[in-house]
Amino acid sequence: MKNTLLKLRTVLTIFMMVVSVLVCGQDKKLPNVVILATGGTIAGAGASSTGSAYTSGQVKIEAMIDAVPNIRSLANLRGEQLANVGSQDMSVKVWLDLAKRINELLATKDVDGIVITHGTDTQEETAYFLNLVVKSDKPVVLTGSMRPSTALSADGPLNMYNAVAIAASPKAKGYGVMVLMNDDIHSAHDVKKMITTPVHTFESPLEGLLGTCIFGEVEFFHKPFGKHTVDSEFSVDGVKELPRVDIVYTCADVSGDLIDIMVKAGAKGIVVAGVGDGNMNAGTLEAVKRATKAGVPVVRASRVPVGAVLIKGEINDEEYGTVSSADLNPQKARILLMLSLLKKDRSREDLQNLYIEY
Ligand code: GLU
């Protein structure tokens with residue numbers, strides 16, 4: 001009799017667990033991760049599995065999740081389609097939508113982490129933007145792929161599996177916004193697209209990898225550099241657009257006219273992708289001086305892919321009114337300037353300190 005009762009109780013417990021999973025659609029023991037999809041090659045499709053031609057942003061998020069074996073054993077997953085574009089078409093509007101949605105989701109007890117699927121062309125920009133405006137220490141992980149979903153040895157499914165494993169891991173709290181590609185975990189601050197098409201495109205050449213995730217096993221090596229997320233002073237609350245900031249690419253004998261044209265066209269800030277240590281020729285320097293005198297801040301970054309721009313180098317920043325981007329590349333220096341300009345009347349020194357801190 002006692003045995004029959006015990007068996008009955010076990011059967012009832014299992015029945016209740018199955019019912020609760022079916023009713024709530026969730027396993028209470030698993031973390032809850034939301035995947036925000038924006039498109040990119042990871043959602044791309046081509047006519048041939050061995051051809052290089054394809055179109056980004058073709059596959060919807062639910063189909064992408066279903067294509068990854070065992071991914072639902074890592075977390076309770078839910079997908080939201082925020083955009084479906086190649087990341088060359090990423091926009092400030094999508095950045096703001098993403099940031100606001102992430103802040104909303106992470107403020108609830110029901111969401112433990114976020115994954116964002118995104119094209120790789122501008123992934124480092126979206127990651128750095130979010131690193132400055134997400135107000136949570138829960139993990140936010142961007143991922144993508146270099147090969148479309150229809151390609152032989154597509155890299156998207158394993159990247160997505162690993163990104164979900166990181167977002168679901170309690171170990172990943174406090175690392176700011178991360179990028180997962182090809183088993184490597186990068187900090188949003190450091191990651192750079194370094195090579196046009198191979199799967200090992202992302203590197204963190206100056207500061208090194210944050211960690212690795214191999215078939216879902218997460219390991220961290222060091223904390224990220226710079227202020228981010230909960231320690232960042234930047235916020236998108238009530239923000240509908242960002243000030244226009246342009247980037248000018250320099251080379252031998254480049255004309256300073258480009259800078260005058262940007263100011264005339266309404267740029268509120270300019271980033272110069274300078275040569276070497278953020279250097280530029282005499283004509284460009286004169287145009288930069290005109291811009292800063294007119295109240296348009298100019299940040300000196302470098303067209304060289306790796307290395308910091310020195311504050312005291314060949315250019316006297318005080319004389320030209322310029323600011324060094326420190327170790328941010330031109331595209332990330334632009335994002336910091338856009339967010340900084342949301343507050344009026346920042347001094348040159350104030351701006352320089354932001355580049356040192358963030
Ligand atoms: N143009 C594509 C994108 O950025 C290519 C790169 C990719 O997704 O891997 O969306």
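The values are calculated or read from the model by the stated rules, or taken from the named source; none is laboratory data. Keep in mind that what you see is a predicted model, and the values were worked out from it rather than measured. Positions of Cβ are generated from backbone atoms using ideal geometry, with glycine treated the same way; all protein chains shown enter the neighbour counts.
Brief remarks on what is shown
- Taken over region 119-132, the criterion of being assigned to a helix (DSSP H, G or I), out of contact with any strand residue (DSSP E or B) (no Cβ under 7 Å at 6 or more places or on another chain) and of a type outside the set (D, E, K, R) is satisfied by Y128, F129, L132.
- For region 244-358, the helices (runs of 4 or more DSSP H) that sit wholly inside it and include 2 or more residues that are within 26 Å of T126 (Cα to Cα) and not polar (S, T, N, Q) are 257-264, 330-340, 348-357.
- In region 268-292, the qualifying residues are those that are within 24 Å of the chain's Cα centre (by Cα) and under 19 Å from R346 (Cβ atoms), and the one that is surrounded by the fewest Cβ atoms within 10 Å (Cβ to Cβ) is K268.
- Region 183-197, residues that are outside any loop (DSSP other than H, G, I, E, B) and hydrophobic (A, V, I, L, M, F, W, C): I185
- Qualifying residue in region 134-147 (condition: more than 17 Å from the chain's Cα centre (by Cα) and within 16 Å of the ligand (Cβ to nearest atom)): yes
- Tally of residues being surrounded by fewer than 12 Cβ atoms within 10 Å (Cβ to Cβ), under 16 Å from V134 (Cα atoms) and among the basic types (K, R) across region 213-239: 0
- Qualifying positions in region 43-84 - β-branched (V, I, T) and either within 16 Å of the ligand (Cβ to nearest atom) or in a loop (DSSP other than H, G, I, E, B) (or both): T50, T55, V59, I61, V68
- The residues on offer are S91, S145, and the sole one that is polar (S, T, N, Q) and either surrounded by fewer than 24 Cβ atoms within 10 Å (Cβ to Cβ) or on the phi > 0 side of the Ramachandran plot (or both) is S91.
- Checked against (1) within 16 Å of the ligand (Cβ to nearest atom); (2) out of contact with any Lys or Arg (no Cβ under 8 Å at 6 or more places or on another chain); (3) touching a residue at least 12 places away in the same chain (Cβ under 8 Å); (4) not aromatic (F, W, Y), E124 passes all but condition (2).
- V115 being under 18 Å from the mean Cα position of the chain (by Cα) and at pLDDT 95 or above: yes
Residue by residue, here is whether (1) modelled with pLDDT under 95; (2) within 22 Å of K268 (Cβ to Cβ); (3) not hydroxyl-bearing (S, T, Y) holds:
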{"residue": "R303", "(1), (2), (3)": "no, no, yes"}
{"residue": "G307", "(1), (2), (3)": "no, no, yes"}
{"residue": "G313", "(1), (2), (3)": "yes, no, yes"}
{"residue": "E318", "(1), (2), (3)": "no, yes, yes"}
{"residue": "L341", "(1), (2), (3)": "no, yes, yes"}
{"residue": "E349", "(1), (2), (3)": "no, yes, yes"}
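- In region 133-164, of all residues being in contact (Cβ under 8 Å) with a residue 12 or more places away in the chain, of a type in the set (S, T, N, Q) and assigned to a loop (DSSP other than H, G, I, E, B), the one that is nearest to N76 (Cα to Cα) corresponds to S136.
- Residue in region 22-32 that is within 15 Å of N76 (Cβ to Cβ), surrounded by 10 or more Cβ atoms within 10 Å (Cβ to Cβ) and at pLDDT below 50 present: yes
- Test: residue in region 96-106 that is modelled with pLDDT of 95 or more, within 16 Å of the ligand (Cβ to nearest atom) and assigned to a helix (DSSP H, G or I): yes
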